[in-house]
1. Using a basic spin-label model with each label point 7 Å from the Cα along Cα→Cβ, how many nm lie between Ile14 and Lys179?
2. Rank these by accessible area, largest first, 1.4 Å probe: Met136, Met156, Met164.
3. So for the range 145-257, what are the equivalent ellipsoid semi-axes in whole Å, largest first, each being the square root of 5 times an eigenvalue of the Cα gyration tensor?
4. Let me check the size of the range 10-51 from its C-alpha atoms; what are the radius of gyration and Dmax in Å?
5. What helices does the chain hold that run 27 Å or longer along their axis, going by alpha-carbon atoms, with a Kyte-Doolittle average of -1.0 or more, using DSSP H for the helix calls?
6. Quick check on the range 166-213: take the gyration tensor over C-alpha atoms, sort the square-rooted eigenvalues as a ≥ b ≥ c, and tell me if it's rounded (a/c under 1.5), prolate or oblate.
7. Using the alpha carbons of the chain, what is the convex hull volume per residue in cubic angstrom, as a whole number?
8. On full extension of the chain, what length is gained from Thr23 through Ile67, given 0.36 nm per residue of separation minus the C-alpha to C-alpha distance?
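The values are calculated or read from the model by the stated rules, or taken from the named source; none is laboratory data. Since the structure is predicted, the reported quantities are computational estimates derived from the model, not experimental observations. Backbone-built Cβ (ideal geometry, glycine too); neighbour counts: all protein chains shown. To get the accessible areas, we keep the full protein, side chains included, count just its heavy atoms, and leave off ligands, DNA and RNA. Shrake-Rupley method; radii C 1.70, N 1.55, O 1.52, S 1.80 Å.
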Amino acid sequence: MWNRFARFSFDKFIQNLTGYAATYNGEWWFIRAFIAAILLGTIYYYLTEKIHIVYVETGLVLFISVITVKFLPALIKLDIFSSLASSYLWTQLFMPDTFVCAYLFGIVFGKYDIFASIRSLFSSYSSINRALIGLMLIVSAFYFQEKVFSNLSDMMLIITPVFMTGCILLLDLCKPLCKVMQFFGGLSTNMWLTHTFFCYYFYPFAIVIFWSRNPIVAYLTLLPITVFASVFLDKFYFSIEKLGVKLRKKIKGIKNR
């Protein structure tokens with residue numbers, strides 16, 4: 001039932017915590033890219049903290065993306081750099097996939113609140129026109145991703161903002177639904193990271209989720225479980241953060257004596 005978690009191994013715990021291995025959850029194939037995105041995103045944020053021109057940062061992220069997607073993979077094909085292909089640190093930190101670049105683009109969108117600017121751009125449009133534009137953007141995003149770009153992940157950097165703009169234009173037409181999505185948005189990262197544990201690895205939860213063998217019922221059962229887990233994790237993170245603040249204050253107080 002709990003076989004892979006029954007015998008605790010500190011080495012395995014550290015490997016799974018850092019994303020080096022995914023033995024706790026085989027569906028966590030994305031965790032290395034996620035950790036690389038957080039690490040590189042944090043470095044990028046502090047390095048560009050004094051830049052306040054959106055076009056400069058957009059160009060910078062696009063430049064980083066070209067270097068990451070086109071230049072670095074070609075670099076290790078050269079004989080002099082061929083040994084880097086087997087380097088874990090190189091492949092995980094210096095050759096992240098396009099999803100990491102999309103993460104950097106998300107930092108730019110958040111820093112300059114670009115979606116707020118998009119909202120104001122369409123604020124004078126009628127509800128019907130906004131709905132039509134929103135639907136057109138969503139359909140276009142799916143069409144270009146599937147038919148034109150043949151599901152090429154390299155284009156996610158452009159497709160994702162188009163899709164999100166369409167969703168925002170539609171959600172703004174229904175305020176209650178917008179509030180619901182904002183609530184789930186705040187919990188979504190933890191829900192995304194934990195849902196497969198409840199689906200496949202924590203057996204008692206898996207029985208509860210799939211008891212009906214109906215996918216819709218399973219989804220509606222999984223939803224509150226992951227919401228509760230996400231709220232719990234947020235409170236845990238907040239407690240750790242508060243503890244860290246107290247420790248820093250105590251250390252500072254000792255130094256000032």
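1. For the pair Ile14/Lys179, the computed spacing is 4.8 nm.
2. Numbers: Met136 110, Met156 50, Met164 75 Å².
Most to least solvent-accessible, the answer reads Met136, Met164, Met156.
3. 35, 25, 16
4. In Å, with Rg to one decimal and Dmax whole: 13.4, 42.
5. Span-like helices, by this rule, are 175-196, 215-255.
6. Here the range 166-213 falls in the prolate category.
7. That works out to 225 Å³ per residue.
8. Difference between extended and current length: 12.7 nm.
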